[in-house]
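To keep things clear, I will list the structure first and then write my remarks on it.
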């Protein structure tokens, strides 16, 4: 998906280019779909819901489809992208600085998740590490150890510590980096895809071992880590794609104790299930 963000200051363009690294291009070098960034002219779109005696809600992001138009909105932004006309607009509460960059990134995350889905792939809430030319993915909720795994993989190529793309290539699958990252501050070093060795559901434990997941549970566990696509019409498509992936690739629970020793369980690369 080649997108051109229009209406930004030169300073903000430079900051976005620095953050997204090799995923950016010089203006005019591609036939990119334009997304016009404008001032929202309202104080916000979603309001924080807080119940007395409870913690404030976790960051909320809503989206819906209107024919071929994907609409996404949160507290500080609302935007749409039309897959038919390849045009879009992003209204931001503040048109520069941190709020702008957070709005741009969250909007692009939604578009990217559906872009992969529409092409038979997935955007997985996972970290990805390439060892000996094979990609190992590690998924699970926040705090399960995705970033820790990347830090324990010194010398390996890190695809990301928060989101990784999965795409089908003929009868196999490969993993690739996307522009977005969590605590791992270095931008991805390559846009190349790597054959998928296995997908591991992280479980922090006192020792390292692999646990088989029953075939009936493999897709379900992965689908809990698919952001932005599990509501509405995207859910059935995600279920279909995840089911095919679960039948073609090894998916297991990896119990680990925050030590690089877990790699002994994964090498040589796992064979398909």
Does at least one position in region 130-137 carry a residue that is touching a strand residue (DSSP E or B) at 6+ places or on another chain (Cβ under 6 Å), surrounded by fewer than 21 Cβ atoms within 10 Å (Cβ to Cβ), over 22 Å from residue 20 (Cα atoms) and touching a residue at least 12 places away in the same chain (Cβ under 8 Å)?
yes
Could you list all residues from region 80-110 that are part of a loop (DSSP other than H, G, I, E, B) and either at pLDDT below 90 or buried (at least 20 other Cβ atoms within 10 Å of the Cβ) (or both)?
94, 95, 96
Give region 206-229 a look and list any residue that's surrounded by 15 or more Cβ atoms within 10 Å (Cβ to Cβ), on the phi < 0 side of the Ramachandran plot and not in a strand (DSSP E or B), or say none.
208, 213, 218, 219, 221, 222, 223, 225, 226, 227, 229
Residue under evaluation residue 164, criteria (1) in contact (Cβ under 8 Å) with a residue 60 or more places away in the chain; (2) buried (at least 22 other Cβ atoms within 10 Å of the Cβ), criterion not met
(1)
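Suppose the filter is more than 27 Å from residue 109 (Cα to Cα) and either surrounded by fewer than 21 Cβ atoms within 10 Å (Cβ to Cβ) or over 17 Å from the mean Cα position of the chain (by Cα) (or both); does residue 260 pass it? Lay out the reasoning, then the answer.
Numbers: more than 27 Å from residue 109 (Cα to Cα): yes; either surrounded by fewer than 21 Cβ atoms within 10 Å (Cβ to Cβ) or over 17 Å from the mean Cα position of the chain (by Cα) (or both): yes.
Yes; evaluated as a whole, the condition is true for this residue.
Filter region 230-240 down to the residues that are in contact with a helix residue (DSSP H, G or I) (Cβ under 8 Å, 6 or more places away or on another chain) and either closer than 21 Å to residue 108 by Cβ or not in a helix (DSSP H, G or I) (or both) and list them by number.
Taking region 230-240 and keeping what is in contact with a helix residue (DSSP H, G or I) (Cβ under 8 Å, 6 or more places away or on another chain), we get 230, 234, 237-239.
The answer is 230, 234, 237, 238.
The values are calculated or read from the model by the stated rules, or taken from the named source; none is laboratory data. Quantities reported herein were computed from a predicted structural model and do not represent experimental measurements. All Cβ positions, even for glycine, are placed from backbone atoms using ideal geometry, and neighbour counts span all protein chains on display.
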